[in-house]
Ligand SMILES: Nc1nc2c(ncn2[C@@H]2O[C@H](COP(=O)(O)OP(=O)(O)OP(=O)(O)O)[C@@H](O)[C@H]2O)c(=O)[nH]1
Ligand SMILES: [Mg+2]
């Protein structure tokens, strides 16, 4: 396979002290040699070189080259990092020069994808690179670093191995019936495998969902009838007067958004228009948006007025959220001493909102170790894990229904492929290799 030489600016295209330009590919050393003051084609190990980038006789910049001979580089191929002065103009001139000497511009994520193709990293690690770059909290970054180090991949590899154990036993029974010294695969093997793996997968899903919360945060909608103090609560949580607050019912018409970091978890807050029956066209559009927001939220805070009896409008809103994770919040508790109804009592006006923050955090179900536990924590990985479980359960039920073992193995194959897909090994790893590595058949 030919790996074209790619080039891109690795730093942000802004004026800065230095810029780094990365060149990677089969001809990286040749391309760079054509415009550097020294020939680097014979370099065999990691080297730092000072020299000049030259367009024929014209010096473009004095630079430092970090030279990595493949496979000992991030991408697994010959790689040069050119550190030049931090002018965007200079960086562009160098990139244009490299393009004219045979490189092409890299596409998004192409360096990581090269690293993946050269098996320097698996797919989970490739995804983690992106997560590390995009992390918006220290906690999210640290969790993604664990995946980048390969800690997450270690969770799934044993599951792949166990499925392969049983699958290869079945395959060898089917394909080599004449082999008498091989144990006969039966439904007991499948049932035992599924009973062993399903609790492990459940644990991984649970930890992955926690990891997803730490990485991406959750959407929290503030809903209630007009004037209960939703916008006041948004402002109190944000610590700034972002939303307009008045005593006129129907003040908020559109969704007002804000973000806070609650003990390391990002809450995407969505303040909504007060829900009520209205004639006003603009307000009624706002009310519809509020209802849509309820369905998009991971958690709904239903605000009620602690100083008033609940009315029909409050009851209707409570019924809208009954099947959605929600917390009932009594605001304006400064106006009454009564605390007899079930819910959290706060005063947005007085900034007395700690009980609500505690309740939200408790609802996330995070423990201290959740922040340190490597987990399969993106939607793709979690979806595949859940599919793996389904396929395993199908194999178990087929086995218990006494289906022939070759039919039972169809679902086991599905489970195996889903696990491979998590690691990005699908299409690369063939179950027949697993068979040959375990049994001395077909020598
Ligand atoms: N006493 C008291 N008044 C509050 C509290 N929270 C909000 N208010 C007052 O209630 C009124 C309505 O507050 P908003 O925050 O605009 O209410 P809202 O729920 O966003 O109203 P809409 O946008 O119309 O749906 C304002 O006069 C606030 O000052 C509170 O905790 N205690
Ligand atoms: Mg409002």
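The values are calculated or read from the model by the stated rules, or taken from the named source; none is laboratory data. On a predicted model such as this, the values are computed, not experimentally measured, just so you know. Note that we place each Cβ from the backbone using ideal geometry, even for glycine, and neighbour counts take in every protein chain shown.
Couple of notes before you dig in:
- Exactly one residue among 317, 353 is away from ligand 1 (no atom under 11 Å from the Cβ), farther than 30 Å from residue 208 by Cβ and either in contact with a strand residue (DSSP E or B) (Cβ under 9 Å, 6 or more places away or on another chain) or not assigned by TED's automatic domain parsing to the domain that holds residue 255 (or both), and that residue is 317.
- Checking each residue in region 238-274 for being out of contact with any helix residue (DSSP H, G or I) (no Cβ under 8 Å at 6 or more places or on another chain) and within 12 Å of ligand 1 (Cβ to nearest atom) picks out 246, 247, 248, 249.
- Selected residue (only one of 277, 207 is touching a helix residue (DSSP H, G or I) at 6+ places or on another chain (Cβ under 9 Å), without any contact (Cβ under 8 Å) to a residue 60 or more places away in the chain and either in a helix (DSSP H, G or I) or away from ligand 1 (no atom under 13 Å from the Cβ) (or both)): 277
- Tally, over region 255-274, of residues that are part of a loop (DSSP other than H, G, I, E, B) and either at pLDDT below 95 or more than 13 Å from ligand 2 (Cβ to nearest atom) (or both): 2
- Yes/no for residue 287 being in the same structural domain as residue 234 (by TED's automatic domain parsing), out of contact with any helix residue (DSSP H, G or I) (no Cβ under 8 Å at 6 or more places or on another chain) and either within 11 Å of ligand 1 (Cβ to nearest atom) or closer than 30 Å to residue 372 by Cβ (or both): yes
- Elements of type helices (runs of 4 or more DSSP H) contained in region 79-150, each with 2 or more residues being closer than 27 Å to residue 420 by Cβ: 110-117, 123-134, 138-148
- Residue within region 215-222 that is at pLDDT below 95 and either part of a helix (DSSP H, G or I) or within 16 Å of ligand 2 (Cβ to nearest atom) (or both) present: yes
- If you go through region 161-177 and keep only what is within 30 Å of the chain's Cα centre (by Cα) and free of Cβ contacts under 8 Å to residues at least 24 places away in the same chain, you end up with just 161.
- Taken as a whole, the structure places residue 166 among residues that are closer than 20 Å to residue 420 by Cα, surrounded by 18 or more Cβ atoms within 10 Å (Cβ to Cβ) and either at pLDDT below 90 or touching a helix residue (DSSP H, G or I) at 6+ places or on another chain (Cβ under 9 Å) (or both).
- Residue within region 52-69 that is touching a helix residue (DSSP H, G or I) at 6+ places or on another chain (Cβ under 9 Å) and part of a loop (DSSP other than H, G, I, E, B) present: yes
- Verdict on residue 198 being more than 16 Å from ligand 2 (Cβ to nearest atom), free of Cβ contacts under 8 Å to residues at least 24 places away in the same chain and either within 20 Å of residue 399 (Cβ to Cβ) or crowded, with 20+ Cβ neighbours inside 10 Å (or both): no
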